[in-house]
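Accompanying notes for the structure given below.
Just so you know, all these numbers are worked out from the coordinates, no wet-lab data involved. This is a predicted model, so every value here is computed, not measured. No Cβ is skipped: glycine too gets one built from the backbone with ideal geometry, and neighbour counts run over all protein chains shown.
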Amino acid sequence: MFLSKLVGRTVKETPRDAELVSHRFLLRGGFVRQYASGVYGLLPLAQRSIAKIESICREEMNRIEGQEVKMPCLGTKELWDESGRYGAIGKDMFRLNDRNEKPMVLCMTHEEPVVFFARTELTSYRQLPAMMYQVQTKFRDEPRPRGGLIRLREFTMKDAYSFHASEEDLQNYYWRAHEAYMRFFKRTGCRNFVSVMSDNGMFGGKFSHEFMMLVPSGEDTLITCTNCDYKANQEIATSPFTTQSANAIAVAEVETPNIKTIADLAKFLKIDASTTCKAVMFQTREQELVVAFVRGDLDVVEQKLKGVLQKELFPAKDEVIAAAGAVAGSTGPLGLNLSKCLVVFDKTISAGSNFAVGANKAGYHLKNFNLERDLLSQLNDWQKQRIKMGDIAAARAGDPCPQCGHALQETRGIEIGNIFHLGTRYSHSMNCTYSDQAGVAQNHVMGCYGIGITRLLPAIIEESHDERGPILPITVAPFDVHICVLNKKEGTTEETALATYAALKKAGIEVLLDDRDEKPGSQFADADLVGIPLRIIFSPRNLNENKVEFKFRDNRTPAQMIPVNEVVDFVKKTVAAEYQRYALD
RNA sequence: CGGGGCUUAGCGCAGUGGUAGCGCAUCUGUUUUGGGAGCAGAGGGUCGUGAGUUCGAAUCCCACAGCCCCGACCA
């Protein structure tokens, strides 16, 4: 490819809207252009790079007996009603009507369509296990797209779905998929990534893992152990918090004028925040208040709370708070109207004693609250059902590890893939069965496996770049070699470069040649911005000595001078060696 | 959905009531050529949209839209 003909030009100045380095370089390098918020088009450089990512992904999926399919992006209301998700998913799903006003959706994931396949095609235990995957566009009307290609409303995902006759078979396959993912990310040149246990969401199964690229610009917070292999998304990370536990002493009401925050309360009472109890309020779709109590120095994780309640949560409205008898700023566990609210206590509260809590009375708090003595023992059975215990607190850096007790640390990460245990969540609701050996209909046990294909390119750039541009691994770079031609009109410079270009292409090497009559500085700057890992520079100065210059984009070795008549062989060998760095077998 | 910011040429920006400008990019010519050159010339803008105030609006008022960031949210 000649650079002068490549669609997509480089720009010197950073587009104003781009914050993340990956976004800046993808725009400046002429990889992508934005159409609308969260909607981007891929120009040739990005398209080539992403095609390579897809290709590696297909190889790894095929290795674990995946069969590629293509399911439609358009879905019908009927199919999504079967799983219940047409109604359960809110505004995140794009919805539209066809010409006859029939409601349709743009699929944001493909569990429903794949079950549609499975229930007519996978009807015998003899066909199991089976895995189908696709590389397909997904549509999600994100509340807030961000970071260029990091969070999009339309993007490409590799999604895979496996069907099994037993739980054991699924678990076995799950770990094979995990291994395939590790291989895929290594082959695409990802370096600093981990798999962490993650939240399953409202519709997940028993367990799941997220694959995270560890970069400071990541939008997820991960909790990892400084000593052992414990790694989890903060949404589910736990810690055995050490909670004060003393003999219970009598409850006492204290006047606390204008004290509304935990920090103020602790200061006012001259106690540590960890001996206070914080109330965090949400509400359900049914307008019931949800009050979550957690030790004052900790934070509630909304995902965990959702898990305990198995309900969607929304910010609590003032009237809902008031109806339940809660008083913002002094919300406490005693005096709440349990017919109007659900209450969740974190394990730090049930395990401890003598907490300072709100009195549900403006300007007052209670000292020495003890959950069992002051609340649970006073309740009838119906009231007890309105109260749940659980682990809803966020583990933080410095807290003890749940596995080994050493200190945990926090890291930021970009989610680049995930694998989910789905169980029979979809096969059951959508009546998807196979006949077992005894001829009895059984629901398939399912797993699903996603990779954010479009997101991987910016994620790789986030972890691999310098101040001048991306440093792309050869396995995902749009071309193998970038040739600069300086002073091309002088002597035989241009024709020598073109002859080398032709010979390399003939050898199957993908070459981008800068055929523009640009100053050297300009050519080098653009080459840095495109990020191709290998570079050859033709110039009269070196050709006078029958040599050309070779360098790596990442400057891992000093530039070398190569005799012109050896350059094709040299590049072939170097390209092969470069691919070998990312090869696993 | 809350909070903040922005919207003038392809990109980055200036322009506080008198009919639109700079740099880069593009095109022509010319001189240059190892880290984003110089000179000469050219093309390119319903100033986000709508409605007002005014003799006159990019500029003042009102409404709306789009985009970005933080938060909420994120199967």
**Request:** Could you tell me what percent of the DSSP beta bridges with both partners in segment A:428-585 are antiparallel, to the nearest 5?
**Result:** 60
**Asked** Can you give me the relative contact order of segment A:465-585 as a percent, contacts being Cα pairs under 8 Å and 6 or more apart?
**Response** 31
**Request:** With θ set to phi - 60°, apply the Karplus curve 6.51 cos²θ - 1.76 cosθ + 1.60 along segment A:250-262 and write out the HN-Hα couplings as whole Hz, x wherever there is a Gly or Pro.
**Result:** 5, 5, 9, 7, 10, 7, 10, x, 6, 9, 10, 10, 4
**Asked** What number, in nm² with one decimal, is the all-direction average of the projected area of the convex hull of the alpha-carbon atoms of segment A:250-302?
**Response** 4.8
**Degrees, to the nearest 10: A:111-121 long Cα axis against longest axis of chain A** = 80
**Asked** What relative contact order, as a whole-number percentage, does chain A give when Cα pairs under 8 Å and 6 or more residues apart are counted?
**Response** 17
**Message:** Once you keep just the Cα pairs under 8 angstrom separated by 6 or more residues, what percentage relative contact order results for segment A:252-390?
**Reply:** 27
**Prompt:** Which percentage, to the nearest 5, of the DSSP beta bridges contained in segment A:252-390 is antiparallel?
**Reply:** 60
**Label point distance in nm, A:D569-A:R556, each placed 7 Å from Cα along Cα→Cβ** = 2.3
**Request:** Please work out the FRET efficiency for the pair A:E490 and A:S4, using the Cβ-Cβ distance as r and a Förster radius of 22 Å; give the result to the nearest 0.05.
**Result:** 0.75
**Request:** For A:R191 and A:N227, compute 0.36 nm times the residue count separating them, minus their Cα-Cα distance, and round to one decimal in nm.
**Result:** 10.9 nm
**Prompt:** Do the alpha carbons of any pairs in A:K12/A:K489; A:K70/A:K311; A:K267/A:K361 sit beyond 30 Å of each other, and which pairs?
**Reply:** A:K70/A:K311
**Cα-Cα pairs of segment A:252-390 separated by more than 25 Å (percent)** = 18
**Item:** Dmax and Rg, reported as Rg then Dmax, of segment A:464-541 (C-alpha, Å)
**Value:** 12.6, 38
**Request:** Would you calculate, for chain A, the mean residue ellipticity at 222 nm contributed by helices, counting each DSSP H stretch of 4 or more residues as -39,500 (n - 2.57) and dividing by all residues, to the nearest 500?
**Result:** -8000 deg cm²/dmol
**Request:** Can you put A:F117, A:F314 in order of Cβ neighbours within 10 angstrom, beginning with the fewest?
**Result:** A:F314, A:F117
**Message:** Please return the longest range in chain A lying between exposed loop sites, taking GluC sites (Glu not before Pro), DSSP loop only, at most 10 other beta-carbon atoms within 10 Å, and leaving the sites out.
**Reply:** A:102-285
**Fill in**
Footprinting proxy, A:T284, A:T261: sorted fewest to most Cβ within 10 Å, the residues are A:T261, A:T284
**Asked** Under a no-solvent Debye model with one identical scatterer per Cα of chain A, what's log10 I(q)/I(0) at q = 0.06, 0.09, 0.11, 0.12 Å⁻¹?
**Response** -0.43, -0.85, -1.10, -1.20
**Separation between Cα centres of segment A:293-329 and segment A:222-275, rounded to whole Å** = 16
**Fill in**
Two pseudo-spin positions, 7 Å from Cα along C-beta at A:S377 and at A:S166, lie apart in nanometres by 5.0
**Asked** So what's the angle, to the nearest 10 degrees on a 0 to 90 scale, between helix A:520-530 and the longest Cα principal axis of chain A?
**Response** 40
**Asked** Taking the Cα atoms only, what angle lies between the long axis of helix A:44-63 and the longest principal axis of chain A, rounded to 10 degrees?
**Response** 70
**Request:** Give the order of A:H406, A:H365, A:H178 when sorted by the count of other beta carbons within 10 angstrom, beginning with the fewest.
**Result:** A:H406, A:H178, A:H365
**Item:** chain A - Cys residues lacking any other Cys C-beta under 4.7 Å
**Value:** A:C57, A:C73, A:C107, A:C190, A:C277, A:C341, A:C432, A:C448, A:C484
**Cα→Cβ-extended label distance, 7 Å offset, between A:E286 and A:L74, nm** = 3.9
